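> Here it is: the structure, laid out below.
The values are calculated or read from the model by the stated rules, or taken from the named source; none is laboratory data. Keep in mind it's a predicted model, so treat the numbers as computed, not measured. Virtual Cβ from ideal backbone geometry, glycine too; neighbours counted across all protein chains shown.
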Amino acid sequence: MTPRNVEPAAGDASQQPAEGAAADQPGGAGFSTFAGVFTPSILTILGVIMYLRFGWVVGNVGLVQTLLIVTICTSITALTALSMAAIATDRKVETGGAYFMISRSLGIETGGAVGIPVYFALAFSVALYTIGFAESVVRVFPRLDQTTLAAITTVLVAVLAIVSARVVIRAQYFIMAAIGISLLSFLFGSPIDDTSIQLAPAAQPSATFWVVLAVFFPAVTGIEAGVNMSGDLKDPARSIPRGTLAALGVGYVVYMTLPVILSMRADAATLISDPLVMRRIAVWGDAILLGVWGATLSSALGSILGAPRVLQALARDGVLPRWMRFLGRGSGPDDEPRIGTLATLVVALAAVSLGELNVIAPILTMFFLASYLTVNLGAGLERLTGSPSFRPSFRVHWSVSLLGAAACGVIMLLINPVATVAAAIVITGVFVWLRSRELRSTWGDVRRGVLLSMARGALLRMEGEDPDPKNWRPNLLVMSGAPSGRWHQVELAKALTHGRALMTTATIIPEGARGSDARAAMEERIREYLNRRGITSLVRVEEAESTHEGMQQLVRTYGFGPLVPNTVLIGTTSRPEQLDSYCSTLRAINELRRNVMVLRYNPERGYGERRRIDVWWGGLQKNGGLMMILGYLLRTSAEWRRATLAVKLMVPDERAAEAAEANLVRIVSNLRIGAEIDVLVGERSDFPEHLRRASANADLVLIGMAAPDRVDDFAAYYRRMQDLTEGMPTTAFVLASEEVDFAEVLL
């Protein structure tokens, strides 16, 4: 697929904000810190888990371990909140919340790979809260059907969100007041009669510490509620850190207080068996119901507001398939994602059918932890690499963010290793899918900074070190010109590099023929052409007065420090008037200690069936060793995997043939390259005839070439090599010029 720029095209209504949206307010709504971040965050934190599962948590693991769970979960969320605050104060945070942050830090593929699961987690959160609401109602009115009530509530919540986000935000003030009254009623309540603080035999803990933590963790994911409204805030960079950290602090105080009261006023049996145990403890029990209903409904509303906005951002960035772009459309002056809300309603109703809080909560935990991990990783890497473009006003040390990332990964593994692997597979699968679509973003991300930092470290370590033969690989400079015209050279280079060595496809153009912008555009077209055909290669376009002068100039200057091409792959010349300058180029490449492969391509036969590679042996040193390595690399490539590597040698008599064959058998056995041996007997003058006959059925022939400084007239020598191979299968002349012991590379 052709790489696409995911910047919205002009006039595309599916990817543009609605007309009339305020320029300085991405969504046009312009909510304050209190209304847009603190309120939805604290209402999601003080939600369904607090009212319906906190007693269950205390009953299963006791007071001390409950306080530890609260501290662990809040610490992870706090570290993530700090990372989010750093990102939010560095760049304009738009619609999409956590997805937006991840995609702008770690790239569109990583953002999409995490953003899609996060969207589903938020959509499932709607079901979590409406199921919690229905469960509490059914406890009071047992004749009602819990699943049906949850489904109806989900629909009503979605309708309210579609009507207006402003209505939802204003309604949350009343809900927060109800929660406050319920907590005060609980605080001034009294112990339940006939209970003991000790664990009752009938209510022994049924869940382990990590299972309980997994169920509890969604209680502290309220920071997502505020971040997901990022596109609707007056000042996201100011509101997100302040509102999120304030909500988290208030939530932590509440969550550290409630377990103490619960453990003092009810025994484990009651705490485990009665989800509405807080109602029995409170002074005014119905205040707890108001709090439960308010909290669950407000949390559901927060999720139904956040999930469609993540979906909208995914669609607008081109992450979703093209046929789903309509999900990016906004409605009204506030650019509200009403179509995305309807889609989220369908997903939430499907989740409602699961019908159990304890089933949905651990699923949400895994995906929220995965998103937190990547947010922390993005912020940490931005800071660690010292990117000059990363200048947050809210500064967080990179170690804090990376500690948060590590903590998320460890907790995921401790909660459920299988689920962690499953989540990793899902995220990796989405990443690979997005990578295969070759999306291209219009924003920079931290990956380039990380790569530059790694490259810098690697180059500095390599500087001054002697080449290590055991780690030798062909770093190819392919003088192909326009690759479509000499694709056979690119094919051969790809087979030699195996995708593990560097490869540069080079083109020489007349000096002054193009401006710098046109030359850059040409490089980009060549790069895209290679990518479409599955070739991973660097691209270089060089200007010079002549082609051969440009080749010499490129070989002389191309590279960085110790990382320069060690092997030049060049085509042959068929023009007699260019022979001298061509041979001068080969001489210059050899003097610069670059290995040379001159490919004489037979257009009628091409590479045949890629079933046989002939290497004409001249000894293990220099050319012979390099040819053996190249032959082995080709034979072990995907394209030549069925090929036979045949080592051929001509000797003057039978006695020499026996000795040569025994020597070759020993060498090939020691080299472990699985080559066949063919020793020919003949006079030196008969070599051309033996060569043509013995290699007539080969698909590629490798022949050593003399160094220019070892031949009196190199141009005449090269002309004889051309005559020698006239009419033969595709042939490569190989000249080992690099100061490397290729015998040691092989042995």
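> Does Leu258 fit the bill of being in contact with a Leu (Cβ under 7 Å, 6 or more places away or on another chain), on the phi < 0 side of the Ramachandran plot and assigned by TED's automatic domain parsing to the domain that holds Phe38?
On the way: in contact with a Leu (Cβ under 7 Å, 6 or more places away or on another chain): no; on the phi < 0 side of the Ramachandran plot: yes; assigned by TED's automatic domain parsing to the domain that holds Phe38: yes.
It is false that Leu258 is in contact with a Leu (Cβ under 7 Å, 6 or more places away or on another chain), on the phi < 0 side of the Ramachandran plot and assigned by TED's automatic domain parsing to the domain that holds Phe38.
> Output yes when any residue across the stretch 337-347 is modelled with pLDDT under 75, in contact with a helix residue (DSSP H, G or I) (Cβ under 8 Å, 6 or more places away or on another chain) and in the same structural domain as Thr77 (by TED's automatic domain parsing), and no when none is. If you could, list the steps in order and put the result at the bottom.
So the first thing to find is which residues in the stretch 337-347 are modelled with pLDDT under 75, and the list is none.
No - not one qualifying residue is present in the stretch 337-347.
> If we scan the stretch 646-655, do we find a residue that is farther than 19 Å from Pro688 by Cα and in contact with a helix residue (DSSP H, G or I) (Cβ under 8 Å, 6 or more places away or on another chain)? Before you say what the answer is, go through the steps one by one.
As a first pass, look at the stretch 646-655 and keep what is farther than 19 Å from Pro688 by Cα: 654-655.
Retained after the next criterion (residues that are in contact with a helix residue (DSSP H, G or I) (Cβ under 8 Å, 6 or more places away or on another chain)): none.
Looking for residues that are farther than 19 Å from Pro688 by Cα and in contact with a helix residue (DSSP H, G or I) (Cβ under 8 Å, 6 or more places away or on another chain), one finds none in the stretch 646-655, hence no.
> For Gly306, are the conditions met, namely being at pLDDT below 85 and either assigned to a helix (DSSP H, G or I) or under 20 Å from Leu122 (Cα atoms) (or both)?
Values: at pLDDT below 85: yes; either assigned to a helix (DSSP H, G or I) or under 20 Å from Leu122 (Cα atoms) (or both): yes.
Here the answer is yes, as Gly306 does meet what is asked.
> Here is a check on your reading of the model: is Met650 under 28 Å from His498 (Cα atoms), assigned by TED's automatic domain parsing to the domain that holds Leu702 and not basic (Lys, Arg)? Let's see the steps before the verdict.
On the way: under 28 Å from His498 (Cα atoms): no; assigned by TED's automatic domain parsing to the domain that holds Leu702: yes; not basic (Lys, Arg): yes.
Spelling it out, it is not the case that Met650 is under 28 Å from His498 (Cα atoms), assigned by TED's automatic domain parsing to the domain that holds Leu702 and not basic (Lys, Arg).
> Write out, first by first residue and then by second, each pair whose Cβ atoms fall under 7 Å of each other, whose residues are 6+ apart or on separate chains, and whose first residue, in the stretch 56-77, is in the same structural domain as Ile240 (by TED's automatic domain parsing) and in contact (Cβ under 8 Å) with a residue 40 or more places away in the chain while the second is among the small types (Gly, Ala, Ser) and buried (at least 24 other Cβ atoms within 10 Å of the Cβ).
Going by the 7 Å Cβ cut-off, the qualifying pairs are Gly59/Ala268; Ile76/Gly404.
> All but one of (1) modelled with pLDDT of 85 or more; (2) more than 22 Å from Ala78 (Cα to Cα); (3) of a type in the set (Val, Ile, Thr); (4) surrounded by 22 or more Cβ atoms within 10 Å (Cβ to Cβ) hold for Thr270; state the number of the condition that does not hold.
Only one criterion is unmet by Thr270, namely (4).
> Among the listed residues Thr636, Thr567, Thr573, identify the single one that is surrounded by fewer than 21 Cβ atoms within 10 Å (Cβ to Cβ), within 41 Å of the chain's Cα centre (by Cα), modelled with pLDDT under 95 and among the polar types (S, T, N, Q). Steps first, answer last, please.
On the way: Thr567 fails: surrounded by fewer than 21 Cβ atoms within 10 Å (Cβ to Cβ); Thr573 fails: within 41 Å of the chain's Cα centre (by Cα).
That would be Thr636, the only listed residue that is surrounded by fewer than 21 Cβ atoms within 10 Å (Cβ to Cβ), within 41 Å of the chain's Cα centre (by Cα), modelled with pLDDT under 95 and among the polar types (S, T, N, Q).
> If you go through the stretch 685-744, how many residues are of a type in the set (Phe, Trp, Tyr) and in contact with a Gly (Cβ under 7 Å, 6 or more places away or on another chain)? Give the derivation first.
Initially, the stretch 685-744 is screened for residues of a type in the set (Phe, Trp, Tyr), giving 687, 714, 717-718, 733, 742.
Now narrow it down to the ones that are in contact with a Gly (Cβ under 7 Å, 6 or more places away or on another chain): 742.
Qualifying residue count for the region: 1.
> For residues that are surrounded by 15 or more Cβ atoms within 10 Å (Cβ to Cβ) and either closer than 16 Å to Gly481 by Cβ or in contact with a strand residue (DSSP E or B) (Cβ under 6 Å, 6 or more places away or on another chain) (or both), tally how many sit in the stretch 503-539.
19
> Looking at this structure, is Gly302 under 20 Å from Ile223 (Cα atoms) and assigned by TED's automatic domain parsing to the domain that holds Arg139?
Working: under 20 Å from Ile223 (Cα atoms): yes; assigned by TED's automatic domain parsing to the domain that holds Arg139: yes.
In short, yes.
> Would you please name the residue that is farthest from Met705 (Cα to Cα), looking only at residues in the stretch 588-614 that are surrounded by 17 or more Cβ atoms within 10 Å (Cβ to Cβ) and touching a Pro at 6+ places or on another chain (Cβ under 7 Å)?
From the stretch 588-614, those surrounded by 17 or more Cβ atoms within 10 Å (Cβ to Cβ) are 588-590, 594-602, 607, 610, 612-614; that's our starting set.
With the extra rule that they be touching a Pro at 6+ places or on another chain (Cβ under 7 Å), the set shrinks to 590, 594, 602.
On the way: Asn590: 11, Arg594: 14, Asn602: 19 Å.
Among them, the one singled out is Asn602.
One line per residue, one yes/no per condition, for (1) out of contact with any Gly (no Cβ under 6 Å at 6 or more places or on another chain); (2) within 28 Å of Ala716 (Cα to Cα); (3) polar (S, T, N, Q):
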residue	(1), (2), (3)
Trp472	yes, no, no
Val490	yes, no, no
Ala501	yes, no, no
Glu528	yes, no, no
Asn531	yes, no, yes
Gly550	yes, yes, no
Leu554	yes, yes, no
Thr572	yes, yes, yes
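> Mind counting the residues in the stretch 244-260 that are in contact with a Phe, Trp or Tyr (Cβ under 9 Å, 6 or more places away or on another chain), surrounded by fewer than 19 Cβ atoms within 10 Å (Cβ to Cβ) and of a type outside the set (Gly, Ala, Ser)?
1
> Sticking with this one: Could you check the stretch 551-560 and list, in sequence order, the residues that are crowded, with 16+ Cβ neighbours inside 10 Å and farther than 16 Å from Glu591 by Cα?
Residue satisfying the conditions is Gly559 alone.
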